[in-house]
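Right, one structure below, let's go through it.
The values are calculated or read from the model by the stated rules, or taken from the named source; none is laboratory data. These figures come from a predicted structure and were not determined experimentally. Cβ placement follows ideal geometry from the backbone for every residue including glycine, while neighbour counts extend to all protein chains displayed.
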Amino acid sequence: MNDFVVRGHSACGAVTSLAEEHDLSATPVIACRLRHADATTARAVADRTLTLHGWICDVATGAIETIDDVAAAA
């Protein structure tokens, strides 16, 4: 696999927790999965064996934007 699409939605608590380094000790299964995904993905991107593509779904409207669309609008 060379390409990976990371899908998320507006106000995603799991991704927000990971990005803001919240204490996830009360939810060990979620914490473990997020740590594993983060480390595995970072290693593959660093090795240039994986290209990430981000999609964000706006829960209120159902619209889907790519990370590139969001970055260009900022």
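Observations, loosely collected:
- Of the candidates Arg35, Arg48, the single residue that is of a type in the set (D, E, K, R) and either surrounded by 10 or more Cβ atoms within 10 Å (Cβ to Cβ) or in contact with a His (Cβ under 7 Å, 6 or more places away or on another chain) (or both) is Arg35.
- Pick from segment 1-18, criterion more than 22 Å from Ala63 (Cα to Cα) and surrounded by 11 or more Cβ atoms within 10 Å (Cβ to Cβ), ranking: farthest from the chain's Cα centre (by Cα): Ser17
- Scanning segment 1-32 for residues that are under 19 Å from Leu50 (Cα atoms), modelled with pLDDT under 75 and not in a loop (DSSP other than H, G, I, E, B) yields a total of 0.
- In segment 33-52, the residue that is farthest from Ile67 (Cα to Cα) out of those that are at pLDDT 75 or above, out of contact with any Leu (no Cβ under 8 Å at 6 or more places or on another chain) and among the β-branched types (Val, Ile, Thr) is Thr49.
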